[in-house]
Each structure stands twice: as structure tokens, then as C-alpha cells.
Protein chains: 2
Amino acid sequence: MKLHLDLSDSCGSARRGSVTTARGTFQTPVFMPVATRGAIRSLATHQMASITTKHGAQIEVVLGNTYHLMQRPGADTVESLGGLHGFTGWGDRHMLTDSGGFQVFSLSPKVTDDGAEFRSTYDGSKILLTPESAVRIQEQLGADIQMVLDVCAGLPATEDVLRSAVERTAQWAARAKRAHRRTTDQSLFGIVQGGDNLGLRRESARRTVELDFDGYAIGGLSVGETREQMMESLESAIAELPADQPRYLMGVGDPLSIIEAVARGVDMFDCVLPTRLARHGTLLTDNGRLNIKRSEFANDDSPVSSDCTCETCRNYPRGLLRHLISQGELTGQILATIHNLTWILGFVEDIRSAISGGTLDALRAEVAQNWASMSPERKDVG
Amino acid sequence: MKLHLDLSDSCGSARRGSVTTARGTFQTPVFMPVATRGAIRSLATHQMASITTKHGAQIEVVLGNTYHLMQRPGADTVESLGGLHGFTGWGDRHMLTDSGGFQVFSLSPKVTDDGAEFRSTYDGSKILLTPESAVRIQEQLGADIQMVLDVCAGLPATEDVLRSAVERTAQWAARAKRAHRRTTDQSLFGIVQGGDNLGLRRESARRTVELDFDGYAIGGLSVGETREQMMESLESAIAELPADQPRYLMGVGDPLSIIEAVARGVDMFDCVLPTRLARHGTLLTDNGRLNIKRSEFANDDSPVSSDCTCETCRNYPRGLLRHLISQGELTGQILATIHNLTWILGFVEDIRSAISGGTLDALRAEVAQNWASMSPERKDVG
């Protein structure tokens, strides 16, 4: 199903709007938390669903990892339990699955024109993932949006390596498009590669658009380049993407990269950052990062953020969070995850408001001040 | 503050009623989950507080472990953050702290008339816990009910060992009673020892009652004896305890032991069993234990219990729980913990109803059939 961006406001190249799928509608820009194995690491689905910002924003889209789900519990099992929505209890909100490619390429697979063969990190068995099998598996998983299998090269990389990734990505994208059957209730996104080579980015974007996908992602970023290189590559790709369809920057989720990508016309983001940082006791606040493990917080009876309305800030003092996280208690991760997800939802909500209000540049300056030191993150497990 | 049992119904020796403290009122019989370090292992306080059975029962009392809290974050820190209630965000419901003695005695401490000296499992430092320091620390922690420091002997034990434990427990109880200052808003419970020696149980109970405590606990059970020995020892102790005060059986929480102890006049229970079993994928149901990791549940789209109204049973198929717990995902523990706590609250609620309805014997027979094979549990960490 082809997706369109219904634009409500814009500010320079930044867009605010909504995307309507077979399931319903989600607002953009949108941040999608990563539910690696069908759940984010420390919140059950119903707990994740109850997270609400002070202005009422909730999680609208969640990402599941095909690499993990296809092996455990397996696509057949997920399908028999009603697809990811039935399996995870995510109700009537949206889900997106990646193709598994990003994880597979981190395992140094044997890549041929056919597909990528890798050894499972679960049981050592050999698995061949092809453009067609990635589509079929994701049809079984049944998310609202699925992604083509692409070739992602780490950076820095030679032009030859990047060109070959673009070439194979284009061939695989065509095969994925032909293989996709579940076209009435599921959308298939193409992925732009090209690394930090601006010419290749444009070429990859053009070739992907020629295949006429339901939406477009920019992949192969946040894999070793600087934020400046990332933004240049992004601009080159976006220049070739249709204005009326959603654009998704894969795996990038630090606040400064998000707002800078939005300013260049990106609509969708996923990242493990808020959940992974939470597990290590790093809390996101309007003033930047806060390492709750520091001893100065031991007797601190104030909440993490005094103007945050999340369950963590409403109920618990910093001293408790410091104690629980220092002692490795799971409840510390739970409370930190609730706060960080609430914060990033509120952050993206602020970006949407700034687009509508024409104040995005002021917000960009503020975010740059608080977040420039945090590098873009890209890791396997959310 | 002296606590009384306000009896509403009885059935044989079993009592149903309520206990009113400086903070409020809780119903009995009551099951108290163990929040080891200020939180149960996989639910934040507000998540634990929202657990509700189909008839509306919730957790009314939670137990915190002094051994852990006195070392991390320390009693001073907990006190400065408003005591355990402020620290944990447990609102206006009840808390009880143990004295730390049970954990200390599992570390083979050097015991003198003065107290018990042990090496900390946190940092190896030497710590002396005395009857007076246990009271003082628990005053700082600020729970509604605190326990005296007692001497708990593992079973089987010689009569000499049991007699010496009874003797020292009595001396320490007298010192604890004298040391207790926070008498207006905190209750101090004495503890009956005596192992499986019925004469010593009676003697220990008499001597504890002579000291006139705010309530009475039976300790030193579920430490190696059979359930039959436990029940005989319990009867001997209870025979000497005042009828109008609450009776608390420490650390015992398997369903059959709970209902058999209730039938003998016990009002309060704590145990790590529902939370610890949950972490290992053992779910409590009206038909007995269910090991969710078994392969037969992989594609099972039914809930754990079809007539259970907990968040887990309302939202998730067995197949998901099996997957999450098999993969070691924290969310699996979370969902299993929600179910097990809901189940045991409902179980104790059923016991209260059976007392009122005069049907306790029928329920005992049913419980014996489903739960006889589960042994009483007693472990350090909840």
C-alpha cells in the first residue's frame, strides 16, 4: 500500500504531517522505539502503550527486528499467533519491521547476487537471507510497514565498495518489489544507500524511486561518519525523493541528528538510544544528559526533571533511581526507560510544534547547545 | 503502636479481619510481596500498585529487607528521602521491614550475647548487627511494622542449638523492646523461635508474649523441616499467642502452606515465591504450576489462565510469554510477575471468602490436590 505524507505545516524543508496506512494514521515527524524481540527491553507492551507526554503524545509506531524474530520464535509462530500485533499485544497502533539486513551484515556474511548467508548467533546454523525471503518473512510477521533487504557498508569505505552496495541494493530492491504479495494491508519501503559519496547517494535514491516504493528510507548512515557527513549524504538522497511520501532515516536517534534531519525533510526515525542509555543510567533531559549513578544524587529527593510528567518523575526521587541502577535492579532500568521514552516523544512533539510555529531554527540552536557532544548511535539490540 | 486484629469472621481457628495501624488498615489474611532492595525485582512501585484481582484486591503490605537496605543505599539515605515510603513511592499503603537477621544468619556470623558480626556480601566489610542497632536502623527505614533481631536455627538441629536460639532470641527481644523509640507510628513485632521442638516453641511463644509486643511472628520455619513438622510447630506457638493480635508466619508462601497456616490461625505471610518463580517461567494457576517454557506453548494463542483478569492474561498469548522467557527477555519476567502476584492475591482473597462462607475445608482439599508437590520456599532475594 503506497503511503503519502499529508502535509499540515512546513518550515523550510522540515515537514509536519501525518501518514495513513491500512491500520490507521500516525503523526510525523515520528520516533519509533525498537522492540527487538517483540518487546522493548524493560517494558511490556501495555506498559509501553501507557507512556504519555504532558501534551498527550504516545508511542505511535514500534520497530521489530526481523533478524531476531525470524529465528526466535520464528516467522511461522508469530504468524500463527496473529502476526506481530497479536503476538505482542500492540493493539491498533503501528509496527514496522526491518529486513534483518543490518544485523546480518554486522556478522560478515557470505554475500552473493542471490543473498546473504550467515551463521546464526542463536545456534550457529547457516541461514540464507534473500530479497525474496526477507519479504516473505516480513509478510508473515505482518507489520504495517516492511523494509527491503539492502546492502549496508560501514564507513569509511572505498568508492568501489559503496558503488557495489548501491548496485546490489538496487537489484535486490527490484526483486523485493516483485516478491511482495501482501500489498493491500502492508507497505514496502525501499532503502537508499551510497555511504558518504554524494553522487552515489543521488544515484541510489533515483534508482530506488524508479522502482516506485510505498515509502523511502535512507540507510547506511550512523555507521562511522561524522554528523556533518551524515547530513550532506542525507541532503543528496532527499533531493531525489518524492515530496509526497514519507522519508525514514534508519537507526539514527540522538537529539541533534533528529532535529537536523527533520530540518532537511526526514519524517521517521528509529533508534535504540533512549532505551539503551536508560539501562546504563543515562537520562535524557531538556538540559542534556544526566548520569544518575553519580554520587551527588544519592540523597537527592527531587525528580529527574521537575517539569516532566512521566510516571518516573511523578513518583520517584533521583536517590531511588541512583540506588536501583547502581545495584543493577531491573526496576531501575524500567524507571529510566519510562523517562527516556517519554522525553524523546516530548522532544519530537516539540519539533512538530516548532515546525507549525515557525520556530524550528531557535529549537535547533538550543538542541545543538545541549546535545552536540552525543554521537549518533547505531546498535543491534534495543 | 500495639496492633489488634479486628475479627470479622472465623472458621475453626482461621480468622478473617483487619489490622489498623498509624497509617491505615489492611485486611487479613494478607500476603506481602518482598521488595528486597526497595522494589520487587521486575515491577516498579507504581506498576506493582496497579495490580488488581478480578474482585478488586490489591497489594496492601510490602516487605523490605533491612539487610540490603542498611548497606545500599544505607538507612541514613532512606531516612533523608522520607523513609521507605518516600524512597520507594509506595504512597499510603503499608510496609514492613525484617530485622536483617535471617540474611545475616545465612552468612555464618560470629554470634555473641551482644549481637551478630558478619562480613558484608557487598564490600566485605565487618558489620555488627545488635538488637538495638536493628531497631534503630528500622526506625530510620520507617516502615509501619518492624521486626526484632532474632536467632534463626536451620533444621534439623539439636535441642541444645534450638534452646540456645530461643534463649538468645528472648534476651534480644527484651533489648529490642527497650530500644524502640518510634512507638507512635511504628509497630514492633516479636518473633517466636524453637525449631521443630514443640516444647521450645511453646516456651518461646510464652516468653515473647510476656514482653508485650505490638504483634507476633513465627520465625525459624520453612528452613528444612517437612510441612507436617511446620504445622505442628506452628500450632504449638499459636496456642500461646494472644487471639486479638496479628500473627505473622515469616518467609512461607507456597499455596498449601498458606492455607494450612491460615486454618491454624495465621494472619500474615511474606514470600519471594511468586516473584522468584515468575523469573524462571513458572506460573501459578488455579490448576497448579504451569512451566511456560515447555515447547507445547510455542504456538498457543490462549492466555495463561482464561479466567484471570491480570494485564498479562488480558493482553498476551502464552506463545509470547514462552518466547520472552526462553530468550531471557526482562519483559517475560515482568509479565510472569504480574500474573503470579495477581494470582496469589486472588488466592488469599479466596481464602478470606472461604472463611466468611464457612467453606475453608473444601478449599483446603482443593489446594492440597493442586499444590502438595510444591515445597515451602525460603530464600534471600525476592
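Numbers at a glance
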quantity: Total formal charge among the other residues, if their Cβ is under 14 angstrom from that of B:Gly56, Lys/Arg +1 and Asp/Glu -1; calculated: -1
quantity: Pairwise centroid distance, computed over Cα atoms, of segment B:211-256 with segment A:122-168, Å; calculated: 63
quantity: Those Cys residues of chain B for which no other cysteine Cβ falls under 4.7 Å; calculated: B:Cys11, B:Cys152, B:Cys271, B:Cys310
quantity: Percent antiparallel among DSSP beta bridges (both partners in segment A:172-306, rounded to 5); calculated: 30
quantity: Net charge dipole size for chain A [Lys, Arg +1 and Asp, Glu -1 on Cβ; Debye, nearest 20]; calculated: 640
quantity: Per-residue average of Cβ from other chains inside 10 Å of A:309-316; calculated: 3
quantity: Gyration tensor (alpha-carbon) shape descriptor, the protein assembly as shown, a/c threshold 1.5; calculated: prolate
quantity: Cα centroid of segment B:281-352 to Cα centroid of segment A:47-64, whole Å; calculated: 25
quantity: For the axis carrying chain A to chain B: nearest C-beta residue of A, whole Å; calculated: A:Leu330, 3
quantity: For segment B:357-376 and segment A:1-41, distance of Cα centres in Å; calculated: 53
quantity: DSSP bridge pairs, chain A: antiparallel proportion in percent, nearest 5; calculated: 45
quantity: Nearest-ten-degree value, helix B:360-371 long axis tilted from longest Cα axis of chain B; calculated: 70
quantity: Label 7 Å beyond Cα on the Cβ vector: A:Ser306 copy-to-copy distances, nm; calculated: 5.5
quantity: GNM flexibility winner over chain A from A:Ala365, A:Ala57, A:Ala35 (Cα, springs under 10 Å); calculated: A:Ala365
quantity: Between helix B:131-141 and chain B: long-axis angle, C-alpha atoms, 0 to 90°, nearest 10; calculated: 50
quantity: Residue among B:Asp160, B:Asp350, B:Asp361 with the largest mean-square fluctuation in a Gaussian network model of chain B, springs linking Cα atoms under 10 Å; calculated: B:Asp160
quantity: Cα long-axis angle, helix A:330-357 against chain A (0 to 90 degrees, to the nearest 10); calculated: 70
quantity: Shortest-first distances to equivalent copies, position A:Ser13, nm, label 7 Å out along Cβ; calculated: 8.0
quantity: Residue mean of other protein chain beta carbons inside 10 Å, B:290-301; calculated: 2
quantity: Proxy reagent accessibility, fewest Cβ within 10 Å first, across A:Asp286, B:Asp144; calculated: A:Asp286, B:Asp144
quantity: Teacher prompt: A:Thr226 distances to equivalent labels in other copies, 7 Å Cα→Cβ, nm; calculated: 7.8
quantity: Computed magnitude of the charge dipole of the protein assembly as shown (debye, nearest 20; Cβ of K, R +1, Cβ of D, E -1); calculated: 540
quantity: Per-residue mean of C-beta atoms belonging to partner chains within 10 Å, peptide A:45-54; calculated: 3
quantity: Beta bridges by DSSP in segment B:1-129, antiparallel share as percent, to the nearest 5; calculated: 75
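Any read-out appearing in this document is the output of simple, stated calculations on the displayed coordinates, not a laboratory observation. This is a predicted model, so every value here is computed, not measured. Cβ sites come from the backbone with ideal geometry, for glycine too, and all protein chains shown count toward neighbours.
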